[in-house]
1. Give the Rg (one decimal place) followed by the Dmax (whole number) of the chain, computed from C-alpha coordinates and expressed in Å.
2. Net charge near Ile40, counting Lys/Arg +1 and Asp/Glu -1 over other residues with Cβ under 13 Å of its Cβ?
3. Any idea what the dipole of the chain comes to, in debye rounded to 20, about its Cα centre with Lys/Arg Cβ at +1 and Asp/Glu Cβ at -1?
4. Tabulate in residue order the Karplus-calculated ³J(HN,Hα) for the stretch 8-15, using 6.51 cos²θ - 1.76 cosθ + 1.60 with θ = phi - 60°, rounded to whole Hz; enter x for Gly and Pro.
5. Ignoring ligands, DNA and RNA, please state the percent of accessible area on the chain from carbon and sulfur, probe 1.4 Å.
6. Can you give the angle from 0 to 90° between the axis of helix 65-82 and the longest principal axis of the chain, with both taken from C-alpha atoms, to the nearest 10?
7. Filter the chymotrypsin sites (Phe, Trp or Tyr not before Pro) in the stretch 23-93 to those in DSSP coil with at most 14 other Cβ atoms within 10 Å of their Cβ, and list the result.
8. Please go through the stretch 1-91 and write out the GluC sites (Glu not before Pro) that DSSP classes as loop and that have at most 16 other C-beta atoms within 10 Å.
Amino acid sequence: MNEIEEIFGKPIHVYTREDALADGELIDAGDMAKDARFRIPVALTRAAWAEAVAWDESRPELQDQDGRLWDVLYMAGLAATQNRATDQVRFRV
């Protein structure tokens, strides 16, 4: 039993990153995140992916899904580099 379990007891339910990826609640950015210089695995929520990355031919932008993912990762990395003193960063794409 670890320290947290000593205080609160055993967890009632555990939902891991792997569970969220399998359920589609998180979408893994894959190797492109490594190319964007992230040292840890990167995943986007389903909502963030739908808003900023998912490609639909009806969209007027002259880009594709990989290009949009790269833009998100690049801007996230830039924002994280400029705000190293925090564990959360807001940025616009």
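The values are calculated or read from the model by the stated rules, or taken from the named source; none is laboratory data. Model, not experiment: these values are computed from the prediction. Positions of Cβ are backbone-derived with ideal geometry, glycine not excepted, and every protein chain shown enters the neighbour counts. These area figures cover heavy atoms from the full protein model, side chains too; ligands, DNA and RNA do not enter into them. Shrake-Rupley method; radii C 1.70, N 1.55, O 1.52, S 1.80 Å.
1. Cα-based Rg and Dmax for the chain come out at 16.8, 55 Å.
2. Details: positive: Arg17, Lys34, Arg37, Arg39; negative: Asp28, Asp87.
Cβ neighbours under 13 Å give a net charge of +2.
3. On the way: 11 positive and 18 negative charges, 94 e Å.
Roughly 460 debye, rounded to the nearest 20.
4. Values per residue, Gly and Pro as x: 9, x, 5, x, 6, 8, 10, 10 Hz.
5. Solvent-exposed carbon and sulfur of the chain make up 52 percent of the total.
6. The two axes meet at around 60 degrees.
7. Trp55, Phe91
8. Values: sites: Glu3, Glu5, Glu6, Glu18, Glu25, Glu51, Glu57, Glu61; in loops: Glu25, Glu57, Glu61.
Qualifying residues, ordered by number: Glu25, Glu57, Glu61.
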